[in-house]
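Reviewing the structure listed below.
The values are calculated or read from the model by the stated rules, or taken from the named source; none is laboratory data. Note that the structure is predicted; figures quoted are calculated from it, not measured. Here the Cβ positions follow ideal geometry from the backbone for every residue, glycine too, while neighbour counts run over all protein chains shown. Remember, those area values only see protein heavy atoms, side chains included, never the ligands or the DNA or RNA. Shrake-Rupley method; radii C 1.70, N 1.55, O 1.52, S 1.80 Å.
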Amino acid sequence: MLWRDWRGGELRILAIALVIAVTSVTSVGFFIDRVERGLNQQAAELIAADLVISSSRQINADYVRNAEQRGLTLANLTRFRSVVVAKDQPQLAEVKAVTEHYPLRGELRIADVPYGEDRVSHTIPAPGEVWVEPKLLQTLNLQVGEKLQLGASSFTITQVLAYEPDRGGDMFSVAPRVLMHADDVAATRLITTGALVNHRLLLGGERTAIDDYRAYVKQRLQPGERVLSVKEGRPELRAALDRAQRFLGLSALISVLLAGVAVATAARRFAQRHLDTSAMLRCLGATQRSIIRMFSLEMLWLALIASSVGCALGLLTQMGITRILDQLLLISLPAPSLQPLVLGYATGVILLLGFALPPLLALKHVPPLRVLRRDQTGAPVRAGLVYLGVLLSMGVLLYWQIGELQLVTYVVLGMLATLMVLAVAAYGLIKLMNRLRQRVGVAWRFGLANIARRPGSSVIQIVAFGLGIMVLLLLSTVRNDLLNDWSRSLPADAPNHFLINVQPDQVAEIQAFFDQQGVHKPQLYPMVRARLMQINDRKVSTDDYESDRAKHMVTREFNLSWAAKPQVDNTIVAGKWWQTTDHGKGLLSLEARLANTLGIKLNDRVSFDINGALREFTISNLREVDWDTFNINFFTVVPPGVLEQDPASWVTSLYLDPQQKRQLSQLVKRYPNVTVIDVAAIMDRVRSIMDKVVMAVEFIFLFTLLAGLAVLYAAIQANQDERRFESAVLRTLGARRPVLMRGLIAEFITLGALAGLLAGLAATALAWVLAAQVFHFPYQFNPIIGLAGIGVGIAIVGIAGVLGTRTVLTQPPVVSLRQGT
Amino acid sequence: MDNVETMESSQSQSQLQPHSESFVQAIQLGKWVNTSEGPLTILDDINFSIPTGTSVAVLGASGSGKTTLLGLLAGLDVPTEGQVVINGQDLGAMDEDGRALLRADTIGFVFQNFQLLNGLTALENVMLPLELAGAGNPREQAAEFMTRVGLGDRLSHYPNQLSGGEQQRCAIARAFAAQPKLLFADEPTGNLDQQTGKRIIDLLFDLNHELGTTLIMATHDETLAEHCDRRLHLDSGRLVKPDESITDVGC
């Protein structure tokens, strides 16, 4: 039965539409699944454990005892900054003292010589020994096997430290690492009262045990103590992944919906063509139930086969996406799990049942009398039933993809509204185009008439293609426009280099260096790293915030700077900047947008953890900052005389022409700790990242376009008989093949042009909204977008449409004598 | 396929002696199709010649081959053997597009099922043959014919907004609009009630006389056939009681 119907053509379209939908859903599913699990793995590595308790004091002994009772694996870690001395040369270093079992997640890698071949180490430095980063050996001109002095003790360097999992990608911590055994710390006498030390308890174990333990500790946390877990690792990547998941999920869903339209169209024709079979079967005594069962079984088989093909293709596509994004993600991805397969099969079955079953169900109402009288069609397919099925399936699929009921409601309403606007616009365009009919030749009139006579079907095709072309335009042309407009909005002499990690004693020398090179003497700004702990005595937590930005900003490290005067591009919007008499007071100037995001108001009190100690500040004013200038600016600024005693690094930004840029290598040689950031290089990197992300997204949107094609073919198939017949009549009346061909071309070129025009308009509108609302700069309208849309529409729809209908050209005209309309 | 036909018929072209006054000639016309039980003959050895301006009824029961004959004469279908000559031109010597060109210039049609194109207005339907034949002012000419068939107030209506009788009037306007020399009508009243059918026939013959068109009409209705100058009777694909006056083809 399945095979017999396959040759009818509609089942082929049903199957193709299903495969497209399932492929797009599973490829996104597989990809997200892999990245998600990769992130979790990596996050555990980043903190070298499943859970970490971080404190500015010795770790509470109760925590340790409790963890031991629960059977968790433990390791201790102590971090502090200190000067190491070798050959009478001092060098600031980040010291990390660890106990046995460190790291609990990830691995240490060591080498015998700097930058030599590295290997995994399953041990930690023995007492009396240290492992150091190559940078330290270079700066102090040391070899492995030589000694260095740390506080009151002397250590032998036994290995080069090539990689530690919890080193982090932080650009601002660049002092080289010294790794030592925890038992040696006391003898150095470096840890005295008031010393800036970070103590950490690393914990590993089963997920549930870790979750229980976290709940236990969270209730007992004291000021200065924090819990770090896998969930808190890399919040920016996690937020990006969440957004990507929604975005890709939604775009896959658009393909699914378009595929659904194709399925519904094809199913209706399938049902129509089976009216006779059903009537005959009924006549021969088949019950309504057995007819339903027959068609349902057939559909179920089709759904299973098509879903299997779709899942396999989804797996392949996902490999493609992963390949494109591999180097960007900077994480190694685990093999895909099987969970997205469930999603794939569910999509296939739901799609077919939701969109194809209603018209098929109507078959059971075919009266057996149809065998004698062909005009007996029985009860028509009830439109309400179809729409209900469609809406239900759509809701279920969305809920599956997004999981939040509120968001699902918004998305459904938003999508319906967008589709409605597009549909109304398409309908208007069709009516407008129809007026041209009076002024064109016979072929064009026939083509235009074909569009106008089936306005419903034409609107669906135009909207389906319009959506596909719109996203392509948005991704290609508009993205470039946005980037170019943004580049243009920067002044020509905007700083193009950043210098960071300048040590306090290097500030004057570096200013002098640029003075000598004839570069305008740069202003350097100090910054001290701090973590926001409390707002008005209330402990801050990501749970307090809804928006991703707020969650991200609250967890990131703040850089506190101090200044006597506000920066020139800053505007005080609330409160007052401090007077000289306020210097040394715990005041804070906060950037206005961040204040808004975090819900902090003037005169609120905020506490920061600065090197392990809690310090309180009162918000004395709010500032607006023009970030686009590339000048150095800070979210948080305090008066002079507050942070001078804390470990600070200095930063600056400056404009260097290509000539001056060559002097940079001298600077880097003289001050190896200073990091130079080339903005142009970063811009290039941003561009290449965007290109790659766009390429991956285009992969997904390709399915939207394919689904659009499926809609076109389903629509063509649905009225193929009528086309054939009319073509025969036209030939009888003396139309030659070229005339008929011109009619077809006219029809599909117009359809494509309308879809492209609509896509161009929609993409421009969206770009304008993005520029104004998200990126905050004026968008230059680009007429090319409209033309590109029309061009793409004409090319794709024109070619596909003519290819799909060209068989009507060979229809022998004698048919016109045999058939009725 | 077209090439082969062209070659075959060009061989026979030299032997062809078109009847001096005839507008339509069928010469040893035959059509059969291959079925699983061997060849099935639909038309066999049909010979006749129709002078310009004559009206001819092709009579016969359903299945007798009327429609097939009409299809062959109009060049809509290709005969298995024999020739059709229209206005001195051998249809077998042309390819499908050549025959289409001939139809656009010379032939009009009235069908049993009207065969109006649903996407076009009544006026646009009537304009079709005019435009295909490359006539000037198709809109004005078409509107004039619509008025002549009594549909002057229905120009912008779509076929599904017209009654059966109105649809056939529109089809007649379309058939005569390009003023063809030859008109085929296939059971033109088959789908109409008796009264409407009679009015349609009157209209058809009025226009036919007025324009001097050669008319070939397939019907099973003897009374309708009596309107015609001549009658051809088909039975199982053969001409019976041949009307001597038009089957006298010298070959």
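Below, the figures for the structure above:
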read-out	value
Check on B:GLU131, buried (at least 21 other Cβ atoms within 10 Å of the Cβ), over 17 Å from the mean Cα position of the chain (by Cα) and free of Cβ contacts under 8 Å to residues at least 12 places away in the same chain	yes
Test: residue in segment A:30-42 that is in contact (Cβ under 8 Å) with a residue 40 or more places away in the chain, outside the structural domain of A:THR99 (by TED's automatic domain parsing) and crowded, with 24+ Cβ neighbours inside 10 Å	yes
Matching residues, segment B:187-204, being open to solvent by 10 Å² or more (accessible area, probe 1.4 Å) and either under 13 Å from the mean Cα position of the chain (by Cα) or not basic (Lys, Arg) (or both)	B:GLU187, B:THR189, B:GLY190, B:ASN191, B:LEU192, B:ASP193, B:GLN194, B:GLN195, B:THR196, B:ASP202, B:LEU203
Segment B:222-251, subset surrounded by 15 or more Cβ atoms within 10 Å (Cβ to Cβ) and modelled with pLDDT under 85, residue nearest to B:ILE27 (Cα to Cα)	B:VAL249
Residue list for segment A:734-748, restricted to those being without any contact (Cβ under 8 Å) to a residue 60 or more places away in the chain and either open to solvent by 10 Å² or more (accessible area, probe 1.4 Å) or not assigned by TED's automatic domain parsing to the domain that holds A:LEU448 (or both)	A:ARG736, A:PRO738
Test for B:LEU151: is it touching a residue at least 24 places away in the same chain (Cβ under 8 Å), of a type outside the set (Asp, Glu) and crowded, with 18+ Cβ neighbours inside 10 Å	yes
Which numbered condition B:SER163 fails, given (1) in contact (Cβ under 8 Å) with a residue 40 or more places away in the chain; (2) surrounded by fewer than 18 Cβ atoms within 10 Å (Cβ to Cβ); (3) of a type outside the set (Phe, Trp, Tyr)	(1)
Options A:LEU751, A:LEU709; residue that is aliphatic (A, V, I, L, M) and under 24 Å from A:VAL440 (Cα atoms)	A:LEU751
Residue match in segment B:113-127 (condition: of a type in the set (Asp, Glu), within 9 Å of another protein chain (Cβ to nearest Cβ) and part of a helix (DSSP H, G or I))	yes
Of all residues in segment B:81-110 being facing chain A (nearest Cβ under 7 Å) and open to solvent by less than 10 Å² (accessible area, probe 1.4 Å), the one that is farthest from B:GLY237 (Cα to Cα)	B:ALA104
Hey, A:ILE53 in a strand (DSSP E or B), at pLDDT 90 or above and over 30 Å from A:ALA648 (Cβ atoms) or not	no
Residue match in segment B:48-66 (condition: within 12 Å of chain A (Cβ to nearest Cβ) and under 24 Å from B:ALA177 (Cβ atoms))	no
Count of segment A:432-459 residues which are in contact with a Ser or Thr (Cβ under 8 Å, 6 or more places away or on another chain) and crowded, with 22+ Cβ neighbours inside 10 Å	3
